[in-house]
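Student: Pasting a structure below so you can have a look.
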Amino acid sequence: MNFSKILIPIGVIAFVAWAWYQYKWPGVAVSTGAVVMWILLHFTRMVTVMSRAANRPIGHVASAVMLNVKLKKGVNLMHVIALTKSLGERLSEEKAEPEIFKWTDSGDSYVVCTFKGGKLQTWDMTRPSQDETEESKPSTSDLVNSGKTSP
């Protein structure tokens, strides 16, 4: 059970009640303002993360290796989207539990993340094998024969 759905509203009510007990109406005004500011900060962060992700291709990340290093068990999906600056490519069915997303970099390495209850449970990074990368790259003799130089 997700206790934060219960504990956060109880904490907010207790905070406002404590402010009433200590300072009466001015305390209620200040504590309510603090709670509204806290909600606005979270909303602003969510909008900022989603607007950055809207400008990138779905499922693309700059480096799958760096994403793999930065991931930690228990972080939420919004945190992973903020790390990747991209929405993940959904591999699971809509509204299915657990949710599975994939992020791929330009070198065809990818990270598959599994979220249960909105929290990261497992992730797995896969790199293409050397044979696949060598087959996809033209050989040096092909580049010389075509008049191009190797990068």
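Readers should treat all values here as calculations from the given coordinates under stated rules, not as data from a laboratory. Bear in mind the structure is a predicted one, so any value in this text is a computation, not a measurement. We place every Cβ from the backbone using ideal geometry, glycine too, and count neighbours over all the protein chains shown.
Student: Could you grab the relative contact order for segment 7-81? Cα pairs under 8 Å, six or more apart, rounded to a whole percent.
Tutor: 21
Student: Taking the beta-carbon count within 10 Å as an exposure proxy, list 23, 110 from fewest neighbours to most.
Tutor: Result, fewest neighbours first: 23, 110.
Student: How much of the pair distance distribution for segment 64-133 lies past 21 Å, counting alpha-carbon pairs only, in percent?
Tutor: 21
Student: Let me ask something else. Length gain on complete extension for the stretch residue 130 to residue 48, per 0.36 nm per residue less the alpha carbon to alpha carbon distance?
Tutor: Gain in length upon complete extension: 25.7 nm.
Student: A further question on this structure: Residue 84: net charge of surrounding residues, Cβ under 12 Å, Lys/Arg +1, Asp/Glu -1, itself excluded?
Tutor: Neighbour charge sum, excluding residue 84 itself: +3.
Student: Helix 4-54 versus the longest principal axis of the chain: what angle, 0 to 90°, nearest 10, using Cα atoms?
Tutor: Approximately 20 degrees, to the nearest ten.
Student: Which net charge results when you count Lys and Arg as +1 and Asp and Glu as -1 among the other residues whose beta-carbon is under 15 Å from that of residue 52?
Tutor: The answer is +3.
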